[in-house]
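Read-outs: derived from the displayed coordinates by stated rules, not from any lab. These figures come from a predicted structure and were not determined experimentally. Every residue, glycine as well, gets a Cβ built from its backbone with ideal geometry; the counts of neighbours run over all protein chains shown.
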Amino acid sequence: MVGVVELDEAKRRAYDAGLDLVEISPEARPPVCKIMDFGKFKYEQSKKEKANKAKSKASEMKEVRLGRSMKIDPHDVDIRVAQARRFLIEGHRVQIIQNFRGREMAFRSRGDDRMEDIIQRLADLAKVEVPPRLNGRRMGMILVPEKQKVEVYKRKMIAEGKPVLPTIPEQLEEFHDHDDDDDDDLETDLGGETETPRS
């Protein structure tokens with residue numbers, strides 16, 4: 001800290017040092033100035049702003065809607081789960097919304113079952129922050145990524161030579177592979193025989 005210096009003297013000192021004279025607090029009397037590399041200062045400021053934006057984006061809430069009603073195809077539910085999975089891997093909180101229309105309100109338990117199924121399918125990445133709640137004709141819940149689980153998942157994907165952030169079609173393919181494995185297990189449980197429906 002130099003103290004109070006005449007403007008011309010401050011400019012001369014900045015010029016001699018090959019730097020800029022930058023006004024820091026113009027409202028102060030006398031104004032506060034600093035001798036610095038202004039280009040470097042602006043660059044550092046933009047880096048800080050970008051880092052702050054990245055931090056705020058990381059904690060963004062993403063909404064995934066399960067259609068306009070309970071009448072949503074299982075394949076479409078798979079797509080929504082895949083979207084939620086991507087958001088969780090990226091570090092976002094996810095709000096899952098299920099809408100009810102007309103007489104569907106009488107079958108609220110189906111909404112509970114669907115939400116529970118989604119919780120189980122995303123349990124390898126997330127935990128429930130807000131459990132499923134009905135608010136009017138909308139049922140919603142909030143899932144948050146668990147850092148340790150996400151890191152374990154990422155390491156596993158890297159070890160298997162798979163992308164850390166798989167596309168939705170890649171995830172759907174994996175979902176269907178698991179379904180096929182479950183069908184094989186069922187056949188094994190039945191002794192390799194499957195029941196044929198009677199005509």
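Remarks
- Length added when fully stretched, A17-T167, from 0.36 nm per residue minus Cα-Cα: 48.6 nm
- For region 46-114, the number of Lys pairs separated by eight or more positions or lying on different chains, with C-alpha atoms closer than 26 Å, is 8.
- Amide H contacts for K62 (H built 1.01 Å from N in the peptide plane; partners 5 or more residues away or on another chain; cut-off under 5 Å): R93, V94, Q95.
- Using a Förster distance of 25 Å, the FRET efficiency for K147-E63 (Cβ separation, nearest 0.05): 0.70
- Backbone HN-Hα couplings from phi across region 82-89 [Karplus 6.51/-1.76/1.60, Hz, Gly and Pro as x]: 5, 4, 4, 4, 4, 4, 5, 4
- Shape of region 1-57, Cα gyration tensor, a/c cut at 1.5: oblate
- In order along region 139-146, the Karplus-derived 3J(HN,Hα) couplings, from 6.51 cos²θ - 1.76 cosθ + 1.60 at θ = phi - 60°, round to 10, x, 8, 10, 10, 10, x, 9 Hz, and Gly and Pro are given as x.
- Note on I168, I158: ascending count of other Cβ atoms within 10 Å places them as I158, I168, the fewest first.
- 3J(HN,Hα) from dihedral phi, region 111-120, Karplus parametrisation 6.51/-1.76/1.60, rounded to Hz, x for glycine, proline: x, 4, 4, 5, 4, 4, 4, 5, 4, 5
- Site pair D112 and F41 shows an inter-label distance of 6.3 nm when each label is modelled 7 Å from Cα along Cα→Cβ.
- For region 76-120, the set of trypsin sites (Lys or Arg not before Pro) satisfying both a DSSP loop assignment and a count of at most 13 other C-beta atoms within 10 Å is given as R101.
- Three-way shape call for region 58-175 based on the alpha-carbon gyration tensor, with the a/c threshold at 1.5: prolate
- Cβ-derived FRET efficiency at R0 45 Å, K127 paired with A10, nearest 0.05: 0.20
- Between V32 and E90, the contour length at 0.36 nm per residue exceeds the Cα-Cα span by 16.6 nm.
- Distant-in-sequence amide H partners of D37 (H built 1.01 Å from N, under 5 Å): D20
- Length released on extending from I24 to M105, taking residue separation times 0.36 nm less the Cα-Cα span: 23.0 nm
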